[in-house]
1. Testing A:Ile406 on (1) within 10 Å of DNA strand B (Cβ to nearest atom); (2) closer than 19 Å to A:Ala459 by Cβ; (3) not polar (S, T, N, Q), one condition comes back false. Which one is that?
2. When the residues of the range A:209-255 are filtered to those that are hydrophobic (A, V, I, L, M, F, W, C) and not in a helix (DSSP H, G or I), which remaining residue is surrounded by the fewest Cβ atoms within 10 Å (Cβ to Cβ)?
3. Among the residues of the range A:405-419, are any under 15 Å from A:Ile342 (Cβ atoms) and hydrophobic (A, V, I, L, M, F, W, C)?
4. What do you reckon, is A:Asn422 in contact with a Ser or Thr (Cβ under 6 Å, 6 or more places away or on another chain), in a helix (DSSP H, G or I) and of a type outside the set (Ser, Thr, Tyr)?
5. Among the residues of the range A:576-609 satisfying the criterion of being surrounded by fewer than 11 Cβ atoms within 10 Å (Cβ to Cβ) and under 47 Å from the mean Cα position of the chain (by Cα), which is modelled with the lowest pLDDT?
6. Could you tell me whether the range A:531-547 includes any residue that is crowded, with 18+ Cβ neighbours inside 10 Å, among the basic types (Lys, Arg) and touching a His at 6+ places or on another chain (Cβ under 8 Å)?
7. Considering the range A:367-398 alone, what residues qualify as being in contact with a Lys or Arg (Cβ under 9 Å, 6 or more places away or on another chain), outside any helix (DSSP H, G or I) and within 10 Å of DNA strand B (Cβ to nearest atom)?
8. Considering only the range A:270-284, state which residues are in a loop (DSSP other than H, G, I, E, B) and aliphatic (A, V, I, L, M).
Amino acid sequence: MGLKFGPLSGKSLIKGKFFPRRRESFRPLSSVGASTSPNSDTLDVSVVSELIEKQQWSKVKTHLRYSNPIELLHHLMESEVDPELIFRYFNWSQRELNVSYSLELTCRLLHSLAHAKQYSKIRAFLDGFVKKNKEHSNFTIFHSLTMRDNTRVCTNSIIVDMLVLAYVKNSKTRLAFEAFKRAGDYGFKLSVLSCNPLLSALIKDNEIGYVEYLYKEMIKRRIKANLYTFNTVINGLCKVGKLNKARDLIQDMRAFGILPDVVTYNTLIGGYCKMGNLGKMYKADAVLKEMVANKVCPNEITYNILIDGFCKDENVLAAMKVFEEMRQQDLKPNVVTFNSLINGLCVEGKLEEACELRDEIFGFGLKSNVATYNALINGFCKKKMIKEAIELLDDIKKQGLLPNVITYNTLIDAYCKNEMMNEAFLLLSLMLEKGVFPSTSTYNSLIGGFCRQGNMEKARKLLAEMQDKCTKADLITYNILIDALSKKGETRNATRILKDMSKEGLNPTHLTYNTLIDGYCREGNLRAALNVRAQMENDGKRANIVTFNVLIKGYCEKGKLEDANRLLNEMLEKGLVPNRTTYEIVREEMMERGFVPDIEGHLSYVSGS
DNA sequence: CGGGTTGGAC
């Protein structure tokens, strides 16, 4: 391997301007050995590398009088110097001499590190690199990686793998995803080791569309998916309620020779438990049976998921049965188990039983935690027993526990819902005093409180304040504002908010659109209401039962009963089943005015159910 | 070569 960059004396990149060569007048004060005496303009690489190894940086510095740092790096790389030592010099010179190396040179160093299997060094470098990197796009990075033909695609792939991982670790998921996409064009073959964390990050960001894309792309590129990959993707699908797709994936994994494990089934059971619909626990139970049939043994987490599911279904009795079964299986309940049960009792309003259960935790060799108290506080708040809830705040401290953001949010929300805004703000200052940072939920409660009072000015002010503090407004924030404005008759402003949220990259839901449609209907502006419906369907969201109810009511109130009847028929054609609200509208708004709608036949069914 | 999946409270 020849010196590509020529003898150092001839091709100084900085032309001696900043590192003037004063061969005659300069003598080092000390040196490692006789040969280190800089008496020629040829640099002895072995000497410099020895200095680097001993971390004698001031001496390395003296050698830089005869060459510049970039040349020295070139020189070290052309010699057989240990890449780890070169890397040390690279870091030191960047830090202490403020040298900035070209991307190409940096990539060459990464290659030699990869070749020497110094992977942790590459990871450390890339971590720092993505933290501060503002000037290099994935495109330029990939370009630099492939510049030299003496490198292997496989070495590059490892580096790109680690780059993706570094992006993910530094919460730059968008860049990680972009790198993944581009990697395919460059022929880099990524591995599960970066794909799996990327999948998890995308799920955390609610980017399920990208999760599905990534999964399909992995199969296409023959990146070997493993059990974690499947479990992660299944988790993503469950999070957005795509349970059928999640189940299909279990078939996919079998086709790949990977068998579902306890995590797979727990995830799927959890997915069913989190659904809001009726009979969800029946489906969750079916998965449990399937799991056992496939010889996968339920663990503590399986039972906790089921117990929580039944509790959320307001069926503490069933939850208690599962709890008993759990103990029969010799599985130990933990504090999560109890918290779920306590929460279930609280939701059913059984506060005494909930408190009793809290007292039993200790007997199981367990200690209650802040979540235990949060569940209780929530129970008292929902019964409007705010004084008792506040007293629990003292109990938390007595137990040596610390209230967290959820504790404060629960109480602030209770104050806001009971029009006690002053108390709510007192708690806000208390939490700030204690160093607990308000979350989006905190602001949502406060904004909701002002909206309830019809004080839109203060609500908007809070929205601005939260954005100032980098607390992101979420879907709920916008829904609250749109709802309040619609109900106040400020539909124009509500529409403006809808536009704002889209600008923020938040997708309006059925609820968002329906709220706005309701606002226009209340104003009697049916044309605008229909426009919003069209916009919603454009957005891929089909009118649901609420949409129709709101519109039908709007038409009835304008006396346009024929049009209301037409909507009723359309609703049935679309396979939507009228609910109680539909029935009430038809009875109160249509039949009392002597109008008999076509769907009369359906009504007896609805009213009877 | 390295990383990673499931459970509780607003």
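The values are calculated or read from the model by the stated rules, or taken from the named source; none is laboratory data. This is a predicted model, so every value here is computed, not measured. For neighbour counting, all protein chains shown are included, and Cβ atoms are generated from backbone atoms with ideal geometry for every residue, glycine included.
1. (2)
2. Of everything passing the filter in the range A:209-255, A:Val240 is surrounded by the fewest Cβ atoms within 10 Å (Cβ to Cβ).
3. Yes, the conditions are met somewhere in the range A:405-419.
4. So A:Asn422 fails the test.
5. Step by step, filter the range A:576-609, then rank; the result is A:Ser609.
6. yes
7. Residue satisfying the conditions is A:Ser368 alone.
8. Scanning the range A:270-284 gives A:Met275, A:Leu278.
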